[in-house]
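In what follows, a structure is listed as structure tokens, so that the remarks can point back to it.
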Amino acid sequence: MTEQRWHSAWAQLIAPGSPFEVVTPAGGGTRYFRQTAANLSQAIDAGRVHGDREFLVWQGQRLTFTQYFDQVDRLAGQLSETYQLQPGARVAIAMRNQPAWLVAFAAIQRCGAVCVPLNSWGLRDELVHGLQDSGASLLLCDDARLQVLTDDLAAKGLATIVVGANAQQPLAAHCAGYESLLAAVPLPVPTLDLDPDAPALILYTSGTTRRAKGVLSSHRAICQALTALEFQGAFCALSSPERISVVINSGFAPTTLMAVPLFHVSGLHAQFLLALRAGRRLVLMYKWDVEQALNLIRDEGCTQFNGAPVMMQQLLASPRFAGPHTASLFGMGLGGGASSSALLASMIERKPDAIGGSGYGLTESNGIGAAIGGDQFVYKPASCGWPLPIVDVRIGDDPQQPLPAGTPGLIWLRSPTLMSGYWNLPEESAATLREGWLDTGDTGYLDEEGFLCISGRVKDLINRGGEKVSAAEIEACICDMPGVEEAAAFAVPDPHLGEAVALAIRAAERLDAETIRAYIAARLAAYKVPAQVYLHTTPLPRNATGKVLKAELQKTIAQFDS
């Protein structure tokens, strides 16, 4: 009966005349939402209707929607008139989460330029690569990033707008103060008719093992992605009415605590742009800190938190989580990596009335793939949910010859949200996009009820003497062991087997390697038991989206063993 309700809600939402009506081309091909914004600037402007409601909270700053859009228009006028920014030009943003980031993004889109968010966690080489690779003609950065790039920017004379510049240090000739530009007399902004297929965004992939690639997306792809995310919210509400009523009756204003970086789809699309369009408050964190997060949830009445599994684990582990400090928290979402069954069970147990959720998507798909939330999340928390209604999923080495349900293999996606290609990398683009299908590099399967389940990464398979071992399976197993806080499995060279399984562990209590190996041996096949176990007292190295940097672990271990 419950599943029938889910299917009924789904069919109702995508039916003709619905805001989420799905169009299936007569000759086959990619399905799409009929009613989406024509371009990203138009999608952003939908937030103007929220007027004097509070939108952004960050440290001492508070902005209403009206105040936010006033800053957007002022900056867009400066970009257009003072900097002569033209449609198609690339503009980079390099700063930590703060209101100026969100203002800059919208202003760039108003000018029809291509936004290039750079990894604010990145060191000099990574930032310089993004600037050079994208051919950015303008940079908006905070003072911390300016100090890292001072010599490089000066050598190139790259036009730079600095947020929060150090008042004690005069800016170079090629730099201007962000605050001064906003305070100047407003300048006109041209009205542009942007082509939906024009480029809008270059997001750099995480780059855990190699130089990051620029993922180029069109206005159409991003607007379809936003509608897909809004569909999932509507479906969750319609299919889990009892959970939604608890939130509505709580009296708390919808407020998202945002701790994930804006230079990633989970922050940019699923949190910033969705909140802007829906009229939700955003409470920004400059960087993740679990105690500060709990303070903000308590003080600002945050109702929603989405984060990487390691962030959620830290939140749940705090003694404060069970108390009044999280009374307002009704929504908890996971993304950016696989979650252990222990974490999923803890979420459901600790907040049984909450709207839990997770999803599956890539930068190359603008974060769109499958999603799950509410009652469905409680039903199958380890799955990623049903593929969204404009997404086709096929499993196997060839998308034209898909494997049957329940059989694991390579995951292929087809949807209107896919990237146009990798920036200036035609060969890599052709290898990843094949006849409209995206090779995700992930492995998984569709179960008998249509839920997508992820089993690992193709590149995360350890070839132990011909036996393929999934790193994700080992990690999921050991993370269920009491005391284990985080773990990463990876390959190390072996003279006899080619590769052997290694495991890096950080635990809350003293655990020895043999105890860890015995725990895994009791649950997994003998060939999956790690040959080497490395115990860490400090957090495992991660990138900005929460993924463990296994290449860094491998390098450290190679130096240690040599």
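Just a few scattered comments:
- Per residue, the convex hull spanned by the Cα atoms of region 40-212 measures out at 127 cubic angstrom.
- Relative contact order %, the chain, counting alpha carbon pairs below 8 Å whose residues are six or more apart: 12
- FRET efficiency estimate (nearest 0.05) - Cβ-Cβ, Arg510 to Ser8, R0 45 angstrom: 0.30
- Using the alpha-carbon positions of region 331-455, Rg (one decimal) and Dmax (whole number) come out as 15.3, 48 Å.
- Amide hydrogen neighbours beyond the local backbone of Asn366, cut-off 5 Å, H modeled: Met419
- Karplus-derived 3J(HN,Hα) values for region 353-369, using 6.51 cos²θ - 1.76 cosθ + 1.60 with θ = phi - 60°, are 8, 6, 9, x, x, 7, x, 9, x, 10, 4, 5, 10, 6, x, 9, x Hz; glycine and proline are entered as x.
- Test item: Cα-centred dipole of the chain, Lys/Arg +1 and Asp/Glu -1 on Cβ, debye: 420
- For region 465-561, convex hull of alpha carbons as volume per residue, Å³: 105
- Only DSSP H runs of four or more residues enter the estimate; each adds -39500 (n - 2.57), and after division by the residues of the chain the mean residue ellipticity at 222 nm equals -10000 deg cm²/dmol.
- Taking the C-alpha atoms only, the angle from helix 124-134 to the longest principal axis of the chain is near 70 degrees.
- When Glu448, Glu3 are arranged by Cβ crowding within 10 Å, least crowded first, meaning fewest neighbours, the order is Glu448, Glu3.
- Compared with the dominant Cα axis of the chain, that is its longest principal axis, helix 143-156 is turned about 70°.
- Between the listed residues Ala488, Leu535, Ala502, the Cα displaced farthest toward the positive end of the dipole of region 465-561, a dipole computed from Cβ unit charges relative to the Cα centre, is found at Ala488.
- Net length gained if the chain between Ala173 and Tyr527 were fully extended (0.36 nm per residue, minus Cα distance): 121.2 nm
- With neighbour counts taken as other beta-carbon atoms within 10 Å, the residues Asp353, Asp45 rank, fewest first, as Asp353, Asp45.
- Among beta bridges that DSSP assigns inside the chain, antiparallel share in %, nearest 5: 55
- The charge dipole of region 65-181, taken about its Cα centre with unit charges on the Cβ of Lys, Arg, Asp and Glu (plus for the first two, minus for the last two), comes to roughly 120 debye.
- Approximate spin-label separation Arg62-Lys555, in nm, with each point projected 7 Å along Cα-to-Cβ: 4.5
- Cα centroid separation - region 112-178 against region 374-395, whole Å: 40
- Annotation for region 170-242: trypsin sites (Lys or Arg not before Pro) lying in DSSP loop with at most 10 further Cβ atoms inside 10 Å of their Cβ are Arg210.
- Overall form of region 86-166 per C-alpha gyration tensor (a/c, 1.5; a/b vs b/c): oblate
- Across the chain, Cα-Cα pairs farther apart than 46 Å form 12% of the total.
- A simple rule links phi to the HN-Hα coupling: the Karplus curve 6.51 cos²θ - 1.76 cosθ + 1.60 with θ = phi - 60°, which for region 319-328 gives x, 6, 4, 6, x, x, 5, 10, 4, 8 Hz, with x for Gly and Pro.
- Cα centroid separation - region 498-562 against region 427-495, whole Å: 16
- For Lys351, Lys380, Lys555, order by how many other beta-carbon atoms lie within 10 Å, fewest first: Lys555, Lys380, Lys351
- Additional length obtainable on full extension of the chain from Glu291 to Glu467, 0.36 nm per residue less Cα span: 59.0 nm
- Ranking Ala237, Gly357, Gly267 by how far each Cα lies toward the positive end of the dipole of region 220-377 (charges on Cβ) leaves Gly267 at the top.
- Given charges at Cβ of Lys, Arg, Asp, Glu: region 40-212 dipole, positive-most of Pro188, Gln98, Leu40: Gln98
- FRET efficiency for the pair Asp197 and Trp121, taken as 1/(1 + (r/R0)^6) with r the Cβ-Cβ distance and R0 = 35 Å, rounds to 0.65.
- Put simply, the amide H of Gly450, placed in the peptide plane, has no neighbours under 5 Å, leaving out anything fewer than 5 places away on its chain.
- Dimensionless Rg over Rh [region 148-220; C-alpha; Kirkwood]: 1.08
Every read-out reported here was derived from the displayed coordinates using simple, explicitly stated rules and does not represent laboratory data. Keep in mind that what you see is a predicted model, and the values were worked out from it rather than measured. Here the Cβ is made from the backbone with ideal geometry for all residues, glycine too, and neighbour counts use every protein chain on show.
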